[in-house]
Each structure stands twice: as C-alpha cells, then as structure tokens.
C-alpha cells in the first residue's frame, strides 16, 4: 500500500501533507513554493511510494470555483504528464484554511507563530487529508 499525498495549492505557497504507508494517519509534510511544486513532487515520488495525489478543490461559499482554480487546471495537466502513474483525486477544501487557523489557536500557538502562512498551508493540507481519510 502506498501513501496518499495531499496538496493545498496556493498561488505562492503550497501545503503538502502525507499519510503513513497504511493510510491511517495524516501528517503535515512541508510547504513548497508553488513554482517549485512539480519538481518537489517528482523528487518525492522517486523515493517514496505514493498511490494517490489528493488535490484540494477550492470553491466560494456559493459553491462556484475559486479564482485559484484557473491556476490549478494547468498544474494538474503538467502533473499528469510528469507523473502519469499516480492518479489525482479532487476533494472539497472549503474552510480548510479557517480550520487550520483555528487549530493553531486551539493548540496554543502564540500570535506571532499563527502569522506563519506556510504553517497554515501545511495544516490546511493535513486537514484536507484527514477529512478524506475519515470519509473514505
């Protein structure tokens, strides 16, 4: 069984989370500059067995696609061409950033630490992955 890698795509930074090999536990992995994301994923799958990419699907409150979706579509095409053996599944990521910020508050992080947008992105990816594992 391979890992599931979740991607919280952003225009500047992208949060990454990963499961264990048994696909039971979701953990934040890192945050990557979005312009380096494809290279990071290629290097990661060269050393780790990944069976699925889980890509957040950002939507507005009314359910319509978010503006960043226009940037995600070309990336998904590049990803499927660069790593064709690993499927990509899209999942609703509504409110994941807000939930990530609340998680930071609940865990007792100080205000200065909560301003770390890279950490918010990584936690958002972890929340997306946890939700998927819980509902699969």
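A short reminder: the numbers here are calculations on the coordinates, not readings from a lab. Predicted model, so just to flag it, every value in this text is computed and none were measured. We place every Cβ from the backbone using ideal geometry, glycine too, and count neighbours over all the protein chains shown.
Structure notes:
- Length added when fully stretched, residue 92-residue 61, from 0.36 nm per residue minus Cα-Cα: 10.0 nm
- The order of 85, 8, going from fewest to most other C-beta atoms within 10 Å of their C-beta, is 85, 8.
- Rounded FRET efficiency, nearest 0.05, which uses the C-beta distance separating residue 135 from residue 40 and R0 of 30 Å: 0.65
- Label separation (residue 69 vs residue 117): 2.3 nm, computed from points 7 Å beyond Cα along the C-beta direction.
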